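This report concerns only the one structure given below.
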Amino acid sequence: MTIAVFAAHPDDETLGCGATIAKLAATEDVHIVVLGDGITAREASRHDRAAADALYADAEAATTLLGAASVTFERLPDLRFDTLPLLEIVWRVERVLREIRPASVFTHHPGDLNRDHQLTSRAVLTATRPVDGCPVRDLYCFEVPSSTEWGFAGVAPGFTPNVFVDVSETIETKVRAMESYRSERRAFPHPRSPEALRALARYRGSTAGLESAEAFQLMRSIRAEAVAQEEREA
Ligand SMILES: [Zn+2]
């Protein structure tokens, strides 16, 4: 099975579903697509290509650690996705879907505080709409510590997980992958710190009878007959 992960920024894939990627990558092809450049919105690094390249190198190290089959960078402007027509983001997602034809897709939750996360979620939901030829059967959204929990539930829909993946064996791989991001890692009590990532996994696990879990909200699942699906693709 082919799986695609659409993240707004380098590190969101690790924060959102790194331990699940590490688990799935043992048997499946997991392709990671990072839409934004993740750094040029910061005043000090606005024109600092070296800082951006260092971040991409960190992302490659992190996703190699997770065992992903590939990571690609679309380099949209950080924290300025809302300066682009939504359609441009949708087209980029659609192009990837045509190329790798994933059966499962993971992306951001639409209620995140971060605007790029919201727009990524919206673009992926649009690109994966179930019309003829769309390969995507299951669409999940993940939570990103320091964005999903900082969204205000009164304004946006809150993250309500209904799928829990046992990551007892891979949570430390996620923590190590996050440590690869030299400019993005933070010390406790920041939500991205190793202690907080482990604590979140323990908490999510405890709500599902597991030692450690990553939690997802299933946005859509289509259980098609295999024969009908093959006919459509032929
Ligand atoms: Zn982000």
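Every number here is computed from the coordinates shown, using simple stated rules; none is lab data. Computed from a predicted model, the values in this text were never measured in an experiment. Here Cβ is always computed from backbone atoms with ideal geometry, including for glycine, and neighbour counts include all displayed protein chains.
Figures for the structure shown
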item	result
Theoretical ellipticity at 222 nm over the chain - DSSP helices of four or more residues, -39500 (n - 2.57) apiece, nearest 500	-12000 deg cm²/dmol
Difference of contour (0.36 nm per residue) and Cα-Cα distance, ARG198 to GLU149	16.0 nm
Charged-residue dipole, Cβ positions (Lys, Arg, Asp, Glu), region 2-233 about Cα centre, Debye nearest 20	360 debye
Stretchable slack from ASP132 to GLU88, in nm (0.36 nm times residue separation minus alpha-carbon distance)	13.7 nm
Footprinting exposure proxy for HIS190, HIS109 (fewest neighbouring C-beta atoms within 10 Å first)	HIS190, HIS109
